[in-house]
Structures are given as C-alpha cells and as structure tokens.
1. In the chain, which helices (entire DSSP H runs) extend 24 Å or more along their own long axis, judged by Cα positions, while averaging at least 1.0 on the Kyte-Doolittle scale?
2. Expressed as a whole number of Å, what is the distance separating the alpha-carbon centroids of the range 25-41 and the range 130-195?
3. Ala94: net charge of surrounding residues, Cβ under 14 Å, Lys/Arg +1, Asp/Glu -1, itself excluded?
4. GNM on the chain, C-alpha springs below 10 Å: top fluctuator among Ala43, Ala57, Ala128?
5. Note the full-extension length gain between Asn176 and Glu129 as 0.36 nm times their separation in residues minus their Cα-Cα distance, in nm to one decimal.
6. If each of Val53 and Trp39 carries a label point 7 Å out from its Cα toward its Cβ, how far apart are those two points in nm?
7. Find out how many positive minus negative residues lie around Ala170, taking Lys and Arg as positive, Asp and Glu as negative, among other residues whose Cβ is under 13 Å from that of Ala170.
8. In whole angstrom, how long is each semi-axis of the equivalent ellipsoid of the range 110-219, when you take the square root of 5 times every eigenvalue of its Cα gyration tensor and sort them from largest down?
Amino acid sequence: MLHALGTAVPALVAGGCSGPLSTLDSAGPAARDVATLWWAMLAGATLLTLLVVALLALAFLRRARQGETGAALWIGWLGLAMPGVVLLALLGSALVLGERMIARSEPGLVVVEATGHQWFWDFRQPGAEGAIATRDVLHIPAGRPVHVRIAAADVIHGFWVPRLAGKMDAIPGHVNVLRIEAAQPGVFEGQCAEFCGLDHTGHRFRVIAHDEAGWAAFQRGEGP
Ligand SMILES: [Cu+2]
C-alpha cells in the first residue's frame, strides 16, 4: 500500500505540472520566471505552514507545565521573525522576477498585435509586404522576444498562453503590452483569462512558434 502511494503521488504531482495549459510546464524565459515565482511562493507557504503546525503542536504538548520561561523566544523569534524573513525573501524574489518580465525594447524584438472579440482573436504579424492578419492563430519566431500589443473590440478579455508568459488583460480603448518568448519552435495553446460572456470557455487560440526558415516563409506569405 505504502509502496503504491510512494509511486502514485510523485507521478500525480509530475503529471499535474505538465500539459498544454500548464504554467509550470514553461516553454520560454518569460513563463519560466512565472513558474519560478510560483515555486518560491509554494516553498514560502509550506515553510510558514510547517512553522504554525509545529508551534500549535508545541503549545498543546506543553500546556500542562505551568510557569515555564522562554515564551518570548518562541513568540518573538519563531512567531514574528521567521515569517518576516520568509515574507521579505518572497517579496525580494517577486520584485526581481517581476522587473525581468517588464516589456522593454531589446535586440531581435518582434511586435505583433492581438485584439480580443466575442469570441475570437484577431492577430496582426509583421510581413514582408505589410502586416499579415490571422484569426485565432498567432505566428511568432522561436528564440526571439515578442511584444504582444493587446486590446479588445467589445468587452474585457484576457490574453494568456500559460507555457509562454503570464496573463494580460485586453481592455477596449487601451493597449497593454506583454512580452512572450518561445525557446523552441512548437504549438502553444492560449485561453481567454477574463470572463467575457457566454462562450468565454471556448474563447481559445493558438500560438505557432516557427524556426527561422519557417518564420521567413510566413512573412513572405507562404506560411500555413
Ligand atoms: Cu474572452
């Protein structure tokens, strides 16, 4: 029984971390920062939970012995100082990783446009002879940073490709910029991340990351 649990639990955990819409199954640097932050938050929350459970157990075990000294040490150091240290470490890592996710100009940058509609996505990519428009499929080059200029035509939507980056709201009358990057060529699933009406669940799209030859062919209008 224990042996079965010992193999089933790690398999479940590992299986739960992968998949086409898994933030933890990152496929590029921007998404890797999001996943790192998630693991840091999990580690911090686990540490604090263990501390609280240990202090609670200690309180029950020592209840019978009255007049004991050392309460200030437990409350002061373990109860206040340790959460302070953990929270400061989490805040520091969130600031560093969050700063790295900010979209800024960099070499090799490609800029595309995404507009959310009820219930489809319009994309515009740079082509050899002007912008190339596509619906529900966004084409990008692999191994290069891409800025997605995100807007909406009707209500608020959310642009989210979990394996490539974090979420960004698509707001009517406003452009938000999100930095995404695919380390390798591939196909990545996207999902609207803001409830946008009856067919919100079906408001999906796809990102195709091309190798250099495929990207050049797409820009010449020879792509799929
Ligand atoms: Cu939507």
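1. Sorted by number, the helices that extend far enough and score high enough are 29-61, 82-101.
2. Answer, in whole Å: 17.
3. Surrounding charge for Ala94 is -1.
4. In the Gaussian network model the winner is Ala57.
5. 14.4 nm
6. Distance between the two pseudo-spin positions: 2.2 nm.
7. Once all neighbours under 13 Å are counted, the net charge is -3.
8. For the range 110-219, the ellipsoid semi-axes come out as 23, 14, 12 Å.
Values in this text are rule-based calculations from the coordinates and carry no lab data. Nothing here was measured: the structure is a model prediction, and the numbers come from that model. With ideal geometry, Cβ positions are generated from the backbone for all residues, glycine too; neighbour counts draw on all protein chains shown.
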